[in-house]
Amino acid sequence: MRTLRRGLRADGIAAGERAAGLAPNNMVEAFAGRYVAGYAAHGSEIDAGPLMRRFVAAGAIPLFPAVTKTAGPLAFRQATEDSGWVRDLAGMLAPPASAPTYRPDLVVVPLLGFDRQGGRLGQGGGHYDRTLAALRANGQVTALGLAFADQEIDAIPQDARDQRLDAILTEAEFIVF
């Protein structure tokens, strides 16, 4: 799946733009004034920037993840594209530790693969599964997968630790589970 995604990445920015354009207006507007967590694309991940810009334009407050504990949930810090990003514990770009931390209402989740039942294949570190489990244990949160359409597979094997997506957005369609 990593090899497949690397082959798709050449179109990552344009695909991110197309996906953002397919996000339903009512969904984007529903998160106005609320906290929306995106991510800074790493490697071959689809670009979440265009989607985050749509949420921000509608009035959402942008958050981005930071790994602060090796086996813990992610922290979500408020930031903009020019907030003085730093490398977190996992070496990923993240807002600095001085940025305010909030609980997101919606988490845009990167992935390696997805299925039509809301199954998600992550990178293998369990960061998003632990994070979504912790958030869901303390209230409502929406998990929106962002992927290339070609990352869809028939079925993702799931165990008790795996957290399902509520919806997926690709450059070709928006799917609600």
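The values are calculated or read from the model by the stated rules, or taken from the named source; none is laboratory data. Since the model is a prediction, treat every value here as computed from it, not as a measurement. All Cβ positions, even for glycine, are placed from backbone atoms using ideal geometry, and neighbour counts span all protein chains on display.
Things to note:
- Inter-residue pairs, beta-carbon under 9 Å, first closer than 13 Å to residue 33 by Cβ and in segment 50-70, second of a type in the set (Val, Ile, Thr) and part of a loop (DSSP other than H, G, I, E, B), 6+ apart: 56/80; 62/80
- Residues in segment 149-161 include none that are within 21 Å of residue 76 (Cα to Cα) and of a type outside the set (D, E, K, R).
- Residues of segment 96-111 that turn out to be surrounded by fewer than 20 Cβ atoms within 10 Å (Cβ to Cβ), of a type outside the set (D, E, K, R) and in contact (Cβ under 8 Å) with a residue 24 or more places away in the chain, as a count: 3
- Of all residue pairs spaced 6 or more apart or on separate chains, those with beta-carbon atoms under 8 Å, a first member in segment 20-43 that is within 17 Å of residue 147 (Cα to Cα) and a second member that is buried (at least 20 other Cβ atoms within 10 Å of the Cβ) and among the hydroxyl-bearing types (Ser, Thr, Tyr) are 22/170.
- Whichever residue in segment 114-137 is within 18 Å of residue 148 (Cβ to Cβ) and at pLDDT 95 or above and, among such residues, is surrounded by the fewest Cβ atoms within 10 Å (Cβ to Cβ): 116
- Residue ID - surrounded by the fewest Cβ atoms within 10 Å (Cβ to Cβ), chosen from residues in segment 143-166 that are outside any loop (DSSP other than H, G, I, E, B) and touching a residue at least 40 places away in the same chain (Cβ under 8 Å): 150
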